[in-house]
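S.K.: Starting off with a structure, shown below.
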Amino acid sequence: MTKAILLTRPLAMNAADQIRFRPQGFGRFYEIPLCEIKQLPITETIKNKINAAEWLFFTSQAPVASVLAVIEKGRRPLIAVIGKKTGEVVRSCGFEVAFVSPQETKKQFVSAWQEKFPTGTSIFYPKSQLADDYIEELLGSENDVTGSVLYHNVFLEERKAELTELLKMDELSAVYFASPSAWKRFLSVYNKTEKKTLVFFAIGDTTKKAINDSGYEAVLFRP
């Protein structure tokens, strides 16, 4: 019987994920985004802060286009990204990337950037309402760091209902997670069902740790 996997990233990303999972024996794919993005308006004050910063830090693809859209003509800020995919989005907007984290974790992102650029500077860091203050706290003593919530990461009620129904069908073999928040949202529904044994794939170490910390095993999957 063909194995089925649930893909939990935004729908636009699922075609590539299907290609990656087919060699693993998966032939049926369900798609339920557990993290959906709602962009917030960029005020004039925030726009000024973006344009005043020497560096822009992107730890997600979500705010890249909206932030870069308000860069003043002729300005070329230095841009640091947490992963290659985010770097590709930056370049698609017509900007260059000055730094890519060697690993897709905030800890490695901050430590590697600090080692390469030890001189104090100004940084603008757009984030979601779920993000912590790790970057501001680690770099704030030697740099002028502005962290600003520019988008909301949400779990829609209709997605919760879809997930509940899918789990009741008992057709899944595995679920693929790309963030700790996606895992936590899945778990909030999974815990309310008759839990079936599933394989949990995690895209990176941070997501894998979140799954392990909840008492479940995770298989690290590197695209």
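The values are calculated or read from the model by the stated rules, or taken from the named source; none is laboratory data. Just so we're clear, the structure is a prediction, and the values are computed from it rather than from any experiment. Cβ atoms come from the backbone with ideal geometry, glycine included; neighbour counts cover every protein chain shown. Each accessible area value is taken on the protein alone, full model and side chains, heavy atoms only, with ligands, DNA and RNA left out. Shrake-Rupley method; radii C 1.70, N 1.55, O 1.52, S 1.80 Å.
S.K.: With the contact rule set at Cα under 8 Å and sequence spacing of 6 or more, what percent relative contact order holds for the chain?
M.R.: For the chain, the relative contact order is 21 percent.
S.K.: Under 8 Å for C-alpha pairs, at least 6 residues apart: give me the relative contact order for region 3-93, rounded to a whole percent.
M.R.: Relative contact order of region 3-93: 25 percent.
S.K.: Summarise the accessible area of region 1-121 (1.4 Å probe, protein heavy atoms) by the percent that is carbon and sulfur.
M.R.: 53
S.K.: Further, regarding this structure: Taking only protein heavy atoms into account and a 1.4 Å probe, give the accessible area per residue of region 136-223 in Å².
M.R.: Solvent-accessible surface per residue comes out at 53 Å².
S.K.: Using the scaling law 2.2 N^0.38 Å as the reference, what is the normalised Cα Rg of region 159-223?
M.R.: Working it through for region 159-223, the quotient is 1.05.
S.K.: Count neighbours as other Cβ atoms within 10 Å of each site's Cβ, and list the GluC sites (Glu not before Pro) in region 70-175 that are DSSP loop with at most 12 such neighbours.
M.R.: Here the sparse-neighbourhood loop sites are Glu72, Glu96, Glu142.
S.K.: Over region 64-167, what relative contact order in percent results from Cα pairs under 8 Å that are six or more residues apart?
M.R.: Dividing the mean separation by the residue count of region 64-167 yields 19 percent.
S.K.: What does the charge count around Leu78 come to, taking other residues whose C-beta lies under 12 Å from its C-beta (Lys +1, Arg +1, Asp -1, Glu -1)?
M.R.: Every neighbour counted, the sum reads +1.
S.K.: If you don't mind, another one. If you line up the Cα atoms of the chain on their principal axes, what length do they span on each, largest first, in Å?
M.R.: 56, 33, 29
S.K.: So what's the net charge close to Phe21: Lys and Arg +1, Asp and Glu -1, counting the other residues with Cβ under 15 Å from its Cβ?
M.R.: Every neighbour counted, the sum reads +4.
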